[in-house]
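Here's the structure, in structure tokens; my notes come after.
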Amino acid sequence: MRAVVFDEYGRTAGVREVPEPDCPAGAVVVRVEATGVCRSDWHAWKGHDPVALPHTPGHEFAGVVARVGEGVDRVQVGDRVTVPFTCGCGVCDFCRTGQAQVCPDQYQPGFTGPGSFAELVMVPAADTNVVVLPDEVDTTAAAALGCRFATAFRAVQGQGRVGPGQWLVVLGCGGVGLSAVMVGVALGARVVAVDLSPAALTRARELGAELTLDAADLSAVVERVREVTGGGAHVGVDAIGSPAVAAASVRLLRPRGRHVQVGLLLGPDAATALPMDLVVSRELEVLGSHGMAAADYPVMMALVADGRLDPASLVGRVIGLDEAGDALAAMDGPTGPGLTVVRLTPS
């Protein structure tokens with residue numbers, strides 16, 4: 001089969017012929033129809049998130065079940081499916097209670113093993129991890145769901161518990177951030193979007209953000225949010241992964257507000273990023289959000305199926321498999337707003 005492979009970190013990945021994946025007991029093999037190009041794939045390609053070389057990246061995908069391993073009950077050959085980027089083992093207490101996103105023995109296509117920049121990809125513990133797509137959700141939209149959109153949905157709806165009329169501040173309007181804006185608006189929240197990019201802020205306004213703010217001066221952002229919201233936001237989401245941004249998210253909250261950390265915090269200041277004096281005095285909640293388990297997909301899928309959420313509208317560019325390696329390399333610099341999706345079959 002054809003797959004994108006890189007042999008060295010930071011060297012442009014190319015398409016080559018590789019063996020088809022095995023289909024062990026409990027697993028399925030999915031024929032990939034579309035797969036997203038995510039900054040997490042770029043981190044693996046750069047070596048920030050080490051993987052075994054040579055390696056095939058890709059973890060946001062949708063397609064059709066091509067093979068089914070022994071013991072799989074919930075899906076069959078021909079089913080249209082997608083998969084969370086964090087696949088649980090299927091047998092631990094977390095997986096049994098629907099919390100596979102924190103499974104201690106999780107498998108991540110494109111990181112733990114070969115990913116979806118390929119014609120076929122293996123998914124273990126299929127009964128725990130595979131999500132059958134409604135007819136109303138096409139594979140391009142589903143490929144946009146797998147990491148960034150599902151992560152944003154759980155961060156805003158599950159962890160942030162945003163309700164109608166509440167103020168949600170999204171700091172960082174890349175793929176996760178714009179998804180969070182869309183989710184917040186769909187849930188009836190009043191959304192403030194913060195970013196350095198005028199184009200990203202324009203897109204956030206198009207998606208329904210009530211207010212957009214330049215992130216160049218985070219102190220000014222905090223002051224403006226507290227002014228506009230009458231004392232602070234109910235929920236702040238760091239969709240970038242910056243100690244300064246995370247601290248700003250906490251500072252702009254009202255008492256009893258909720259900070260949700262989505263972006264990975266890196267650097268020497270990461271461990272001490274948050275102003276814990278405010279966490280204590282305002283009784284704030286600090287919550288992490290790491291993807292979303294397949295068990296939680298039905299609520300999100302229902303909103304996509306009925307049109308209240310439209311992840312396909314976040315797709316800015318559709319490319320072919322031969323262009324995927326160059327798309328990864330392009331993330332060394334600034335990229336335009338919107339998600340890039342690789343289509344392996346005609347749409």
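The values are calculated or read from the model by the stated rules, or taken from the named source; none is laboratory data. Computed from a predicted structure; not experimentally measured. As a convention, Cβ positions derive from the backbone with ideal geometry for all residues, glycine included, and neighbour counts pool all protein chains shown. Each accessible area value is taken on the protein alone, full model and side chains, heavy atoms only, with ligands, DNA and RNA left out. Shrake-Rupley method; radii C 1.70, N 1.55, O 1.52, S 1.80 Å.
Summing Cβ point charges (Lys, Arg +1; Asp, Glu -1) relative to the Cα centre of the chain gives a dipole of roughly 800 debye.
Using C-alpha pairs below 8 Å separated by at least 6 residues, the relative contact order for the chain is 19 percent.
In debye, nearest 20, what is the charge dipole magnitude of the range 174-292 about its Cα centre with +1 on Lys and Arg Cβ and -1 on Asp and Glu Cβ, if you could check? Before the final figure, lay out each step's value.
Values: 10 positive and 12 negative charges, 61 e Å.
That gives a dipole near 300 debye.
Surface composition of the range 161-288: carbon plus sulfur atoms hold 55% of the accessible area, using a 1.4 angstrom probe and ignoring ligands, DNA and RNA. The listed residues Arg226, Arg258 rank as Arg226, Arg258 when sorted by accessible area, largest first, using a 1.4 Å probe. Phi-derived couplings, Karplus 6.51 cos²θ - 1.76 cosθ + 1.60 at θ = phi - 60°, listed residue by residue for the range 163-172: x, x, x, 7, 8, 10, 10, 10, 9, x Hz, with x used for Gly and Pro.
Stretched out straight at 0.36 nm per residue, the stretch from Ala216 to Leu196 would grow longer than its current Cα-Cα span by 6.6 nm. For a modelled paramagnetic label at Leu264, 7 Å from Cα along Cα-to-Cβ, the residues of the range 58-98 in reach, with backbone nitrogen under 20 Å, are 58-61, 84-89. Between Val131, Ser179, Gly232, the Cα set farthest toward the positive side of the dipole of the range 88-242 (charges on each charged residue's Cβ, about the Cα centre) is that of Gly232.
Solvent exposure of the range 1-160 amounts to 38 Å² per residue of accessible area, where only protein heavy atoms count and the probe is 1.4 Å. Remark: spin-label model distance Val132-Thr272 equals 5.4 nm, labels positioned 7 Å along the Cα→Cβ axis.
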